[in-house]
Amino acid sequence: MKRVLVIASRFPWPPFSGDRLRATIWLSALAGQAEVALIAPQGDVPADAPSFRFFPAARSLAGGARGVMRVLRDALPLQTLLAAPYGWSEAIGRAQREAGPFDATVVILSRLDPWIRSALWRTGTPACPGTDRSVCPPLRVLDAIDSLRRNTEERASQAGAPLRWFWRGEERRLARSEAVAARGYDHVIVVSEEDLADLGASGSAVSNGVVIGALEERPRRFDFGFWGRLAYFANADAAEYLLDEIWPRIRERRPTVTLAIAGAHATRSIRRKANQPGVTLLSPVDHMPTLARDVRVALLPLRYGSGESTKTMEAAEAGCAIVGMPKAFRGVGTLAAHARVASSPEAFADAAIALLDDHAAREQMARELRAAVAASHARETTLARLAAIAFEENAA
């Protein structure tokens, strides 16, 4: 049985952000097929997690201080500091001694690369894609998830004037850093083809996908719903835009309809704006698939973001009809053909009300979306593709 080392910059549970979710998906993909070691910051591993050996990276004030000096010296992106204050080298050494040697190493997020590269690649040997692996070092996989440069470009376009200057500079630093990181690995993975092109790297686009669960016929509690990690800038913007510009138009025409705004870390602004007739704020949410199954029509007025939209896949899997802005279908374009796409508050409200009023059209859309997400974004397909990459099989 092969041995695989997975290194994550944040503890994977609860998996309410893209990188945390991706780490849990990797652990599931490798479960039962490899001896797996995980290096991540300290946390309590859930009882139902896949089997692996955990080597926590201890928080290190000295590592954080060295990280600040290196960021200033090498003009690294400031975002890399999020992963700096941990004892990565000590954790890697411990894992290699107690669970290695490893046949493959998976690094999740490119911002982790500056802090672990020297400990992992001490020999200085380059990655060697396309050659006989028997004469190469262990397989090196970078799962960047999405392009941080593209994500930062989105943040800059959303930010006010003072912050826009900061994010533009960060965008340039990330472009350099991601290019350097990608060159050090045998395989680079992201969730969408757009992000792969943005990184300028050869590799694979592998969706996170969703677990396709059973769908019971039962009444749904909410007419409309929006969800996601509400502190994330793109979700916060979408939630506030929905509450400020779209919901009043819907409520004016249908005074008794209901809306759920759900997700972890609701901001103070969202809590204040959600205090209006017909709106229920749920933060946090215990189980998002259950919440989504309580929504008739998912309203996804996303104006920013990179990678792929997990909430769009979740809505399709849960049997919701969907109205979304074009950004809601990033990385999941196959779903857009079956949903309503609207770009203005008026068009968005019109589409939402039309679907709520037309039961037959809403149910037909929900069936088509669920079939499409099962065909294109089933989690089982994701698990098989990631395992094939780690084991150097045909991952097409």
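A few comments on the model shown:
- Residues of segment 74-119 that are in a loop (DSSP other than H, G, I, E, B) and closer than 19 Å to Val141 by Cα: Gly100, Pro101, Phe102, Asp103, Leu109.
- Contact annotation: residue pairs with Cβ atoms under 7 Å, 6 or more positions apart or on different chains, pairing a residue in segment 275-295 that is over 13 Å from Ile261 (Cα atoms) with a partner that is of a type outside the set (Val, Ile, Thr) and surrounded by fewer than 18 Cβ atoms within 10 Å (Cβ to Cβ), are Pro289/Gly213.
- Note on segment 26-56: residues that are of a type in the set (Asp, Glu) and in a loop (DSSP other than H, G, I, E, B) total 2.
- Helices (runs of 4 or more DSSP H) fully within segment 224-328 counting 3 or more residues that are modelled with pLDDT of 95 or more and over 30 Å from Ile189 (Cβ atoms): 247-253, 268-273
- Segment 342-378, residues that are over 22 Å from Arg218 (Cα atoms), of a type outside the set (Gly, Ala, Ser) and open to solvent by 40 Å² or more (accessible area, probe 1.4 Å): Glu346, Asp350
- Among residues that are assigned to a strand (DSSP E or B) and among the aliphatic types (A, V, I, L, M), Val71 is not included.
- Residue within segment 321-334 that is out of contact with any Lys or Arg (no Cβ under 6 Å at 6 or more places or on another chain) and closer than 13 Å to Gly225 by Cα present: yes
- Scanning segment 144-156 for residues that are closer than 16 Å to Glu194 by Cβ and not in a loop (DSSP other than H, G, I, E, B) returns Ala144, Ile145, Leu148, Arg149, Arg150, Asn151, Thr152, Glu153, Glu154.
- In summary, Tyr185 fulfils each of the numbered conditions (1) modelled with pLDDT of 95 or more; (2) surrounded by 14 or more Cβ atoms within 10 Å (Cβ to Cβ); (3) more than 22 Å from Gln158 (Cα to Cα) with the single exception of condition (1).
- Screening segment 213-232 for residues that are open to solvent by less than 20 Å² (accessible area, probe 1.4 Å) and within 18 Å of the chain's Cα centre (by Cα) and picking the one that is nearest to Ala23 (Cα to Cα) gives Gly228.
- Residue check, Ala274 in contact with a Cys (Cβ under 9 Å, 6 or more places away or on another chain), open to solvent by less than 30 Å² (accessible area, probe 1.4 Å) and farther than 17 Å from Phe16 by Cβ: no
- Filter pass, Val210 being of a type in the set (A, V, I, L, M, F, W, C), open to solvent by less than 30 Å² (accessible area, probe 1.4 Å) and at negative phi: yes
- Qualifying residue in segment 283-290 (condition: open to solvent by less than 10 Å² (accessible area, probe 1.4 Å), at negative phi and either of a type in the set (Phe, Trp, Tyr) or out of contact with any Phe, Trp or Tyr (no Cβ under 7 Å at 6 or more places or on another chain) (or both)): no
- Matching entry among Pro56, Pro46 (being touching a residue at least 24 places away in the same chain (Cβ under 8 Å), open to solvent by 10 Å² or more (accessible area, probe 1.4 Å) and touching a Gly at 6+ places or on another chain (Cβ under 8 Å)): Pro56
- Selection of segment 161-207 for residues being among the β-branched types (Val, Ile, Thr) and assigned to a loop (DSSP other than H, G, I, E, B) yields Val191, Val206.
- Residue match in segment 156-170 (condition: open to solvent by 50 Å² or more (accessible area, probe 1.4 Å), closer than 20 Å to Ala328 by Cβ, at pLDDT below 90 and more than 15 Å from the chain's Cα centre (by Cα)): yes
The values are calculated or read from the model by the stated rules, or taken from the named source; none is laboratory data. Treat the numbers as computed from the prediction; the structure is a model and nothing was measured. Positions of Cβ are generated from backbone atoms using ideal geometry, with glycine treated the same way; all protein chains shown enter the neighbour counts. For the accessible areas, the whole protein counts, side chains as well, though only heavy atoms, and no ligand, DNA or RNA atoms are used. Shrake-Rupley method; radii C 1.70, N 1.55, O 1.52, S 1.80 Å.
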